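Below: the structure, in structure tokens.
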Amino acid sequence: MLGFVTDRPLSPCKDICALDARASVCTGCGRTIAEIAEWGSATASRQHEIVRRSSVRMRTLLNGRTQ
């Protein structure tokens, strides 16, 4: 491949939509409002980037809750 992704990932949505006002992200999936709005029109490569970033945010959110 030439450095781009053609297979789309599954949406990280968990149907637990709640905005963490402090972090401005959904506490169910870890995406920002902009990423949620962008998802349907994003390229496969961009969707993979959103999934990667949202996973990092979710770990941060969960670590903050257990401390």
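See the values below:
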read-out: Residue check for Arg8: open to solvent by 50 Å² or more (accessible area, probe 1.4 Å) and either of a type in the set (Val, Ile, Thr) or assigned to a helix (DSSP H, G or I) (or both); value: no
read-out: Checking Gly3 against (1) modelled with pLDDT of 95 or more; (2) in a loop (DSSP other than H, G, I, E, B), the condition it does not meet; value: (1)
read-out: Tally of residues being in a helix (DSSP H, G or I) and either modelled with pLDDT of 90 or more or open to solvent by less than 60 Å² (accessible area, probe 1.4 Å) (or both) across the stretch 20-67; value: 27
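The values are calculated or read from the model by the stated rules, or taken from the named source; none is laboratory data. Quick caveat: nothing in here was measured; it's all calculated off a predicted structure. Ligands, DNA and RNA are stripped out before the accessible areas are found, and what is left, the full protein with its side chains, is counted by its heavy atoms. Shrake-Rupley method; radii C 1.70, N 1.55, O 1.52, S 1.80 Å.
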